[in-house]
Amino acid sequence: MRTLAPALLLLAAAALPAQVVTFKSGERWEVNNPFQLDAKGQPVVDAKKARFNTTFDRLERKTTSGTIEVVANRKMEEVVQIEWPAIAQLDQARQMILRGEAANALELVETVLRPFDKVKKVPGSPWVTAAIVKLDAIDRLDNDAALAAFLSALESVDDGSNAELAQKIKLAKLIQKARRGEHAAVVADADGLISQFDGADTLARLHILKGASLLALKRYEDAMNTYLRVPVFYGSQQEHLPKALLGAAKAFRGMDSPATKSQRLGEVANTYLRELVATFPVSVEAEEAKALLPREDRQAAEKAQSGLPTQGAAAPQ
Amino acid sequence: MARTASRSYRLAHAALLSVLVALAALPASSPGQAAKPAPAKEEESPTQRLWNEAETALGKKQYKAALDLFKKLEGESDKAGLPEMAKAAIAFRQATCLYLMAGQSKKTEDWAKVEEALKGFLAKYPRGTETLLDPSNNMRGVVRLSLIEVYANLSKWDAALADLEALRRPSPEIRAEDRVLAFVLTAKVLEEKAKGQSEPELKLALNQAMNLLKQVTAAGIGTSESREAANKLVEVYTKLGMAKEAEQLRAEIEAKGGGSPAEMVRANVQRLEIGDARFQAAEEASDGKARETLYRQALASYQGTLRRAALARALGQAVESKQAEVDQLNRLYAKPDDNQKALIDKAKEEVDSFKKIQAEFTANKDYDAVIAYRIGLCLLELGRPWEAFVAFRDIFQNNPGFEKVSGAYYYYIDALRRIGRNDEAQKVSRDFLQKYPDSPEVAPIAVGLGEICMEQEEYDKAIEQFRWAKANVRNLDPQAQQEIDFGIVRALFSNVDWAKARAALDEFLAKHPKSPARESALYMHGLTWFFEGRYRETKASLEKYMAEFPNGQYQADVLYRQGIVALNVQGPDEAIAIAKRWLDKHGKSKAEAIVAQVPELHVLIGDAHTKKAELLGRKAGEAEYKARVTAAPGPKAQHMKAKAEAEAAKEEQVKASIEAYLVAVRAARSNPQVLDFAIGEVNKLLTGRGEQRRLREIYQELYDWDPKAPKALSYLYEVIKATEKMGDGAEFRARTEAAQSRFGDLLAAARRKVDTLERAGKPNTPELTQAKAEVAKLSDDLAKDLDAVEADRQKSIQAARQEALGILGAALKSSLNDRRQEGAERLVAFLAEKLARRIKRVRPGQEPAPDAYTLKKAEADLEATMGVTESSGSLIAQARLYYGKGTLALLARDPARAESMWRRIADLYKAEELSPGILGTVGDYLASKQDPKAEAYFAYIAEHHRSSEYADFGFAGLAEVRLAQGKAKEALAIADEATAMGITLSKEKDLRFTRARALVELGQFDEAKKELTYISGVREWRGETTSGCLYHLALIEEKQGRMQEAVVLHQRNILAWKKHERWVARSYLRAGELLAKLGQRDAARATYQEMLTKDRVKDTPEAQEARSRLTRI
């Protein structure tokens, strides 16, 4: 197997969709993927394909004819179209955020942002996708200054030509508002944006932001309704489910009162918390959920996580 | 549950598919679409002109005109000497026109004309149009495929399948793409042919179609034709319930597809169909786990479907981008040649087709609602009613015009009921009935309206709801009307409104003589008499039921009722006979209703024996009376004998009665009403007979059924009561009576002797002295005997008390370790109360007697009874021990000891380790000492025990803590939340007072004044808080610059609430300060001086300040 591994890697590499950029002239270059690493962690390089220069402001392509090597250069500004497959590092960064390793995620996402810095708005540029991951990481770090700086960086490149970028900027502004505690405004703005936006990911984010503000305003029923829309309508957006489930559980807790005792809302809240711990055990929210769970349930959840037999905890729905 | 997709959804769905089929299938199968324009010539001949005119008409969709022109051209073709390929092209175009016309008219005769034309083309032109219309397509394949479609439209399945078989064979004449489409068409034809046939036949056809499509997709789905085949295969998989395969293939198509709007829409429709297939499979699955998995999968399919906005945006973008392509081509080729023109036309056609899809999609307003509806159903089935509730609400908010909105309401109401929101369910039901009076769900919702109340046993409300439905809901079908009428009857009946229920039953039986509820109605009719105690009418009514329904479902109950009637009319023996007959006939049944009735029969037997005992008791009484009034010894003895016999027989009947009631109690676990009655009878009888041990045994049995049940505590109290009474047993009374009787005669004789001697006038004789000594000795002996009995009795009582404590301790032990058992604190308090009663109180500073029962001993007993020590057992058990000791100390009037217990709890346990009761009690103590830990305790209650009976402790305490921290805004928010959530309970006064003070702090004086005035006005709250209110009212005046008014209020407080130094001291201080500010220095001095003379106030911190001020004035 050891001898086969590199061959398999190459085969796998060959099977992956290629990265192609199109220049103003109409010329199309295949580009080496700087994020695709071999077994030793080094970028996989195909000599026939172009590669980024060290400062990421140019693409270089070498062609060899006999003993003559010709190097062609193109400025990144000349790129008008990018075709780039999904970048694994962004998924890793998302997972890191989910686990609460926001600083590491931020570091990783920066490596993805850098090569595309000059082509942020070019159609197909992975920069926008990476930017939203960065936004998530900054949000998790609770760093208002970093958020403000990144937002102004985003705004400086927004000329309205990229709808997705414009959406993300609005989202980031909303996050800022929520941080400032302007919850009523967040709710109103989120409502407006929800009716304008259509991407499942963005909508899930907006609902979570709105839910959090409703929770802060102690509008528990509305918060529950908002948070639960995420698992109900955007259930495929797994990365947002932990926040939504946690928010819903908190909302149920808020709704609990002697008048609603027959609805057993405390138990409904605990069910969501248990479900969160069982389904997303390594998420930051699972840790918070465990802290919110009654002692016996928390101990059962911890035992279940460590593979020991559990007692006293109800199975998640 | 019957669930169907909305009609508009289906129509929209069908419309989308037809567009897709047209897009994908027509280029190959319709002759018209595949043709390219004829090459232009430099000089236009008449035939060329005619051709061009015909082509233009065809392009403008003027098919009839085009057909006429092509026919004219055909007539001139020989004269013009046109080559074969041109004649073939003309024939092809004519067939095209006919095909398109038939497509519009959909008339069989038109399709027959197309068939003739296509067949003619194939027969006459073996080389087809050669290269004239398309260099690589002579159109024969297209025509053959079109012919098959025509066959399909004419339902000539066999002809279609025969032709398709030939087309599927490899042949140089048939292009590869056409062969692929032949497979697709075959699949379609097979499916169409099987429509309307039996399920196995349809399944067979689908399997054949699947195999064919698998052949053609096996080589990959790289071309649009093979993707079309794959799409068809997804449909077939879905119809065959192979959702997994369908899902996988759909994902593959999506990956390989070009992302065109058509593909996007189709992929979405497929997702919905796959979801439907999974939902259907889930509905049919018998295994619970498999059902759940299938519902989850269906849910995932629906959730993966793009929502309307996303799809609309994608479609809009596709149209825009295609339009941009057209514009660019127009700019590039200002004077296009034929090829360029063809390119532009193709792009334009694509724009049109995209727009058509967009228009179809825009027209389908229900798209999102359809998805939400399906998601809601899946969630309901998956037991997630809260999420289903959210899904259905989305429909009402965003798609109120959804065609299936009534169905959505129906399930929404179901979700509301499942989450326990019955009032809201009723409100929604009413709104629905008024808003959608013609919907098919009107009947179940109207009936459900009352049923919700029936479930909650709110019968008056149920009647109101049923009547409302009857009066306000139009278009109720007769069955629903009948259900509602019967609902009213049931509600009146359940409301024990017998006369009204009977009247309603009479009306119901007359109005609905053939109702399926007739049997129940007749039976209930009998019962209305029965429950009124009118047994003769009951007998007649139940006999009517028996005659009409000899094998009816209420036979058992009717027989039981007849037994009761017999008890009251024919006599107890007949009742016992009927009860025994009932037990023989039904006693072994496992039916729930019968099992629940078994104890009632035993109660009947018990009642019958009791009645017999009463009769015998009366007989014994009469005999005794006769014996008393009879002087002759013979007859007197006879009467006495009769009395003894009657009493003996009565005793037997009482015993039998007790036995029957005990059996009833033991059988009544599922019948609480009978249980209550029977245990009541047992209690009465056994207590009267002093049989405490038996009583304790039966109560212990009841307690052991479920120690956590709401009634368990009352059973436990009875156990303890009986145990304690057991100590004072009947044997002590008997022993006392025996001793008294034994000494009674002797003492009487001795006293008589003394009397006689004294009356004889010999006062100091030795005889008299001896007689008197004899009386004294007998008295002493009697006293000694009685003392011995009493000592034994006391010993027995003590032992019984100890035993009772043991029982209480055992009960406590079972709930002691469960933090969430709120009843445990009540038991601990009960135990503490019992122990506290025994404590011998002594004055402060005095030492109790060495053998006295002290608080220390009581604590030791508490520890022993609870079976836990301060260092053993679970954390909550230990905490409960401290709680018990604290409560004990409070009851023994030792607050310092109580405080030390609360302090230990606070020092040793985290909030999460304690129960809400302890958290509340200790939290209050900590707050009174300004201990910061109070905050954690209160916060934990507010977070985790919001529906507990101690929730108010959390909110009130937390608000107070926040206020003390200077966070008035937060305090106000907490108090407001508690009020909004109805968590004020026993702490309403505190919450309001905190709220008022927070409002003062925040400068909201009007609102604060209102609140303070309200609190002061509540008579039950008068006391320290009233004094606090006055102080704060004064503060409001002061803050608003009305110093004099403030002083008056402070003075009022000082005068009216002297006892409450907390606020009075402050009032003194503020009054003094204000008077000084007003320049009334003498008055200020007098105020401070007066303050320092008051015992309650003079040692307060405020008094210290007053002293210091006095020196400064």
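The values are calculated or read from the model by the stated rules, or taken from the named source; none is laboratory data. Given the structure is predicted, the values throughout are model-derived calculations rather than measurements. As a convention, Cβ positions derive from the backbone with ideal geometry for all residues, glycine included, and neighbour counts pool all protein chains shown.
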Enumerate the helices (runs of 4 or more DSSP H) found wholly within region A:174-259, keeping only those where 3 or more residues are under 20 Å from B:A310 (Cβ atoms) and more than 9 Å from every other protein chain (Cβ to nearest Cβ). A:183-196, A:200-216
Being within 28 Å of B:T610 (Cα to Cα), surrounded by 20 or more Cβ atoms within 10 Å (Cβ to Cβ) and not aliphatic (A, V, I, L, M), is that true of even one residue in region B:732-746? no
In region B:920-943, is there at least one residue being of a type outside the set (S, T, N, Q), at pLDDT 90 or above and within 20 Å of B:K813 (Cβ to Cβ)? no
Counting just the residues of region B:191-216 that are at pLDDT below 85, surrounded by 15 or more Cβ atoms within 10 Å (Cβ to Cβ) and not acidic (D, E), which one comes out nearest to the chain's Cα centre (by Cα)? B:A194
So, restricting to strands (runs of 3 or more DSSP E) that lie completely within region A:36-118, which ones have at least 3 residues that are of a type in the set (A, V, I, L, M, F, W, C) and farther than 14 Å from A:K134 by Cβ? A:68-75, A:79-83
It is to be established whether one or more residues within region B:174-190 are among the acidic types (D, E) and more than 55 Å from the chain's Cα centre (by Cα). yes
Per the filter on region B:123-143, residues part of a helix (DSSP H, G or I) and crowded, with 18+ Cβ neighbours inside 10 Å are B:R140, B:G141, B:V142, B:V143
Looking only at region B:274-292, and only at residues there that are at pLDDT 85 or above and charged (D, E, K, R), the one that is surrounded by the fewest Cβ atoms within 10 Å (Cβ to Cβ): B:K289
Identity of the residue in region B:298-309, within 16 Å of A:V232 (Cβ to Cβ), assigned to a helix (DSSP H, G or I) and free of Cβ contacts under 8 Å to residues at least 60 places away in the same chain, that ends up farthest from the other protein chains (Cβ to nearest Cβ): B:S301
Do you know which of the residues in region B:770-814 that are touching a helix residue (DSSP H, G or I) at 6+ places or on another chain (Cβ under 7 Å) and without any contact (Cβ under 8 Å) to a residue 24 or more places away in the chain is farthest from B:G884 (Cα to Cα)? B:A771
Of the residues in region B:372-397, those that are of a type in the set (V, I, T) and touching a Lys or Arg at 6+ places or on another chain (Cβ under 7 Å) number 1
Of all residues in region B:169-181, which are within 15 Å of B:S224 (Cβ to Cβ) and either modelled with pLDDT of 75 or more or out of contact with any helix residue (DSSP H, G or I) (no Cβ under 9 Å at 6 or more places or on another chain) (or both)? B:A176, B:E177, B:D178, B:R179, B:V180, B:L181
Search result, residues across region A:260-277 that are away from every other protein chain (no Cβ under 11 Å) and either in contact (Cβ under 8 Å) with a residue 40 or more places away in the chain or surrounded by fewer than 24 Cβ atoms within 10 Å (Cβ to Cβ) (or both): A:R274
Within region B:313-355, track down each residue that is assigned to a helix (DSSP H, G or I), of a type in the set (A, V, I, L, M) and either within 14 Å of chain A (Cβ to nearest Cβ) or more than 30 Å from A:E164 (Cα to Cα) (or both). B:A314, B:L315, B:A324, B:L332, B:A342, B:L343, B:I344
Whether any residue in region B:1033-1048 is in a helix (DSSP H, G or I) and within 18 Å of B:D990 (Cα to Cα) is what I want to check. yes
Just name the residue that is nearest to B:S915 (Cα to Cα) out of those in region A:278-297 that are of a type outside the set (A, V, I, L, M) and away from chain B (no Cβ under 14 Å). A:E287
From the option list B:Y333, B:Y367, single residue qualifying as over 30 Å from B:F389 (Cα atoms) and among the aromatic types (F, W, Y) is B:Y333
Looking only at region B:356-385, and only at residues there that are part of a loop (DSSP other than H, G, I, E, B) and within 13 Å of chain A (Cβ to nearest Cβ), the one that is surrounded by the most Cβ atoms within 10 Å (Cβ to Cβ): B:R384
Within region A:230-249, does at least one residue satisfy the condition of being under 28 Å from B:S986 (Cα atoms) and of a type in the set (S, T, N, Q)? no
So how many residues does region B:632-668 have that are more than 21 Å from B:L685 (Cα to Cα), buried (at least 16 other Cβ atoms within 10 Å of the Cβ) and touching a Ser or Thr at 6+ places or on another chain (Cβ under 9 Å)? 1
Looking only at region B:741-753, decide whether some residue is farther than 25 Å from B:S815 by Cα, outside any helix (DSSP H, G or I), of a type in the set (S, T, Y) and modelled with pLDDT under 90. no
